[in-house]
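The values are calculated or read from the model by the stated rules, or taken from the named source; none is laboratory data. For clarity, every value in this text was computed on a predicted model and none was experimentally measured. Positions of Cβ are generated from backbone atoms using ideal geometry, with glycine treated the same way; all protein chains shown enter the neighbour counts. Calculation scope for accessible area: heavy atoms of the full protein, side chains included, ligands and nucleic acids excluded. Shrake-Rupley method; radii C 1.70, N 1.55, O 1.52, S 1.80 Å.
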Amino acid sequence: MGVRIPHVLIFVRLAILSTIVLLALTVLCNLMVARATNNALYSNLSKLPYNQVGVLLGTSKYSRLGGFNDHYRLRLEAAFQLYKAGKIDYILISGDNSTRFYDEPSTIRRDLLKKGVPAERIYRDYAGFRTLDSVLRAHHVFDLDSFTIISQAPHNKRALYIAMNHDIDAIAFNAGEGYDIDISNRAREMLARVLAVLEVHFLNTGPKFLGPTIEIGVTPPT
């Protein structure tokens, strides 16, 4: 007669095995994203190649703990500097506008206007609910085959990975070189990269919404 293993012990072993698999998957996906995108990341403005459009990935102006969001401030400043330096001619703000009380693109647009970016040089994508939506809508809705992504470096890598695996010729500019994101954001980004790899290679996930083509520089700004 064989030895019976208690149900609790079986559960513990399965939990340990699942944790090991998840950790291994997380490490693998993060390595894939980092290695694939290193050569398309820029922090030095003078070395950044020109693109007609910079896709500014949206975020909240204020942090959850109160006060201004550093990610927002740094992205806004980076987009302005790229425009001012002639590295981009237009800024496409892609962010969340899921309710009438929360409108990232319009908030960012107002602050860019205050900095001196002309209104005719700013477009808004109101359906950039996630990074995947922002990248793929820039390609499919705004008819862009190449563009410069503007965000923090960890976020840029994930956005670039999505772009590269959809045959989009994108590069990225790091807003706030050396800016260190906190531990919770780091963990969230690591898990988000796992999802990005799964969506790109296995789930074939598309944007939540598409729509009629908007040609930047031809169609009036949205």
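List the pairs whose first member sits in the range 68-89 and is more than 19 Å from Tyr50 (Cβ to Cβ), whose second member is assigned to a helix (DSSP H, G or I), and whose Cβ atoms are under 6 Å apart, counting only residues at least 6 apart or on separate chains?
Leu76/Asp111
Considering only residues that are of a type in the set (S, T, N, Q) and out of contact with any helix residue (DSSP H, G or I) (no Cβ under 8 Å at 6 or more places or on another chain), look in the range 76-109 and name the one that is least open to solvent (accessible area, probe 1.4 Å).
Ser106
In the range 182-199, which residues are open to solvent by 100 Å² or more (accessible area, probe 1.4 Å) and of a type in the set (Lys, Arg)?
Listed by number, the residues that qualify are Arg186, Arg188.
Take Phe202 and decide whether it is touching a residue at least 60 places away in the same chain (Cβ under 8 Å), over 13 Å from the mean Cα position of the chain (by Cα) and open to solvent by 40 Å² or more (accessible area, probe 1.4 Å).
It is false that Phe202 is touching a residue at least 60 places away in the same chain (Cβ under 8 Å), over 13 Å from the mean Cα position of the chain (by Cα) and open to solvent by 40 Å² or more (accessible area, probe 1.4 Å).
In the range 165-180, is there at least one residue being of a type in the set (Phe, Trp, Tyr) and in contact (Cβ under 8 Å) with a residue 60 or more places away in the chain?
Yes - at least one qualifying residue is present in the range 165-180.
Please determine, by comparing only the residues of the range 2-49 that are within 16 Å of Arg193 (Cα to Cα) and polar (S, T, N, Q), which one is most open to solvent (accessible area, probe 1.4 Å).
Of everything passing the filter in the range 2-49, Asn38 is most open to solvent (accessible area, probe 1.4 Å).
Taking into account only those residues within the range 110-143 that are more than 20 Å from Ala172 (Cα to Cα) and basic (Lys, Arg), which is surrounded by the fewest Cβ atoms within 10 Å (Cβ to Cβ)?
Result: Lys114.
Can you tell me how many residues within the range 50-75 are open to solvent by 60 Å² or more (accessible area, probe 1.4 Å) and in contact with a Gly (Cβ under 9 Å, 6 or more places away or on another chain)?
4
Checking the conditions here, which among Val33, Val12 is at pLDDT below 95 and assigned to a helix (DSSP H, G or I)?
When all the criteria are applied, what remains is Val12.
Which of the residues that make up the range 146-172 are open to solvent by 20 Å² or more (accessible area, probe 1.4 Å), out of contact with any Ser or Thr (no Cβ under 6 Å at 6 or more places or on another chain) and under 16 Å from Val53 (Cα atoms)?
Listed by number, the list holds a single entry, Ser146.
Let me confirm something: among Tyr83, Tyr72, which residue is within 21 Å of Thr148 (Cα to Cα), assigned to a helix (DSSP H, G or I), within 16 Å of the chain's Cα centre (by Cα) and among the hydroxyl-bearing types (Ser, Thr, Tyr)?
Tyr72
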